[in-house]
């Protein structure tokens with residue numbers, strides 16, 4: 001499991017301690033202000049934001065509240081590294097601004113708690129999608145499930161069938177041929193529409209602009225992202241955000257590309273049978 005990525009607004013002492021505590025668990029991107037942390041969130045996937053209670057004075061609370069509202073999918077975690085006169089009041093202020101996790105790292109158990117929060121970072125969109133597809137994918141061959149897990153989880157970075165095939169360790173022409181012969185939607189189709197699920201998930205964060213979403217999904221430009229939406233859905237980027245929220249996009253993906261093909265998927269081997277499985281390899 002890869003390490004989580006966290007953006008931080010901490011005191012110098014807290015930075016050093018977070019670095020030591022986060023080895024093999026999370027990578028910290030330090031900033032001097034919440035605006036620095038927000039810039040990190042806009043640029044890349046960030047699993048959480050660590051906010052020092054000792055850096056969040058009264059003037060910072062409204063900005064924290066705005067962040068929590070605009071980026072509901074990025075948890076904000078308040079850290080207490082020492083007990084002082086201002087800490088309890090600031091914790092209350094952060095709680096009122098929407099921060100739900102407070103960790104006291106002034107004691108050893110606090111660092112254990114912090115690591116536990118990010119022990120096994122996973123893509124929440126992938127978890128939601130695979131959970132929704134579970135009824136249709138129950139009983140399918142191992143390599144069939146693996147195909148969908150890789151497509152759903154890694155769609156933002158695997159922009160082409162060639163990249164997808166490399167990740168699956170299969171020749172692109174062989175992969176495409178297996179889908180064609182089984183009369184299934186093409187790997188390119190599954191990949192393209194899985195990317196739209198990630199786009200719809202990112203659009204839940206009101207603090208991300210369309211340009212931010214296109215950048216996070218590694219489109220060459222917002223215009224390229226817009227052309228993709230127009231080709232697949234005949235929608236502009238703004239219409240996509242308004243008319244196809246994540247839950248609706250997920251229902252659409254399942255209804256169009258998974259459920260109708262349930263019977264074929266039950267015997268489909270897109271990668272060939274994997275070690276330990278029985279049956280004929282799909283050549």
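Read-outs throughout are calculated quantities, based only on the coordinates presented, and are distinct from any laboratory measurement. Only a predicted model underlies this, so the values are computations on that prediction, with no experimental measurement involved. Because the Cβ atoms are built from the backbone with ideal geometry, glycine has one as well, and the counts that use them run over all protein chains shown.
Test of understanding: in a Gaussian network model of the chain with alpha carbons linked when under 10 Å, which of 70, 14, 239 would top the mean-square fluctuation ranking?
For the chain, modelled as a Gaussian network with Cα springs under 10 Å, the answer is 239.
Can you tell me, using C-alpha contacts under 8 Å and at least 6 residues apart, the relative contact order of the stretch 4-117 as a whole percent? Walk me through the numbers on the way to the answer.
Values: 173 pairs, mean separation 28.5, N = 114.
Relative contact order here is 25 percent.
For the residue pair residue 115 and residue 100, what label-to-label distance in nm results when each label sits 7 Å from Cα along the Cα-to-beta-carbon direction?
2.5 nm
What FRET efficiency, computed as 1/(1 + (r/R0)^6) with R0 = 35 Å and r the Cβ-Cβ distance, is obtained for residue 243 and residue 218, rounded to the nearest 0.05?
The formula returns an efficiency of 0.90 here.
Using helices alone, I'd like the mean residue ellipticity at 222 nm for the chain: each DSSP H run of four-plus residues gives -39500 (n - 2.57), total over residue count, nearest 500.
Calculated at 222 nm, the ellipticity per residue is -16000 deg cm²/dmol.
Using only Cα atoms, tell me the angle between helix 142-154 and the longest principal axis of the chain; keep it within 0 to 90° and round to the nearest 10.
With rounding to tens, the tilt is 50 degrees.
With a/c under 1.5 counting as rounded, go ahead and sort the stretch 124-265 into rounded, prolate or oblate using the C-alpha gyration tensor (a ≥ b ≥ c being the square roots of the eigenvalues; past the cut-off, prolate if a/b is larger than b/c, else oblate).
Values: a/c = 1.88, a/b = 1.48, b/c = 1.27.
Here the stretch 124-265 falls in the prolate category.
How far is helix 108-117 tilted off the main Cα axis of the chain, in degrees rounded to 10, range 0 to 90?
The angle comes out near 30 degrees.
Please compute the Kirkwood hydrodynamic radius of the stretch 1-116 from all pairs of different C-alpha atoms, in Å with one decimal.
Working: mean 1/r = 0.0714 Å⁻¹.
Kirkwood hydrodynamic radius for the stretch 1-116: 14.0 Å.
When 1/r is averaged over all different Cα pairs and the result inverted, which Kirkwood radius in Å belongs to the chain? Intermediate values should be presented prior to the final figure.
Details: mean 1/r = 0.0479 Å⁻¹.
About 20.9 Å, per the Kirkwood formula over Cα pairs.
Quick one: angle between helix 12-21 and the longest Cα principal axis of the chain, in degrees between 0 and 90, rounded to 10, please.
Helix 12-21 sits roughly 40 degrees off the main axis of the chain.
Got the relative contact order for the chain handy, in percent, Cα pairs under 8 Å and 6 or more residues apart? Please list the in-between numbers first.
Values: 382 pairs, mean separation 49.7, N = 283.
About 18 percent, as a whole number.
Find how much the distance from residue 211 to residue 160 grows on full extension, using 0.36 nm per residue of separation minus their present alpha carbon separation; answer in nm with one decimal. Before the final figure, lay out each step's value.
Working: separation 51, 0.36 × 51 = 18.36 nm, distance 2.07 nm.
Length gained, residue 211 through residue 160: 16.3 nm.
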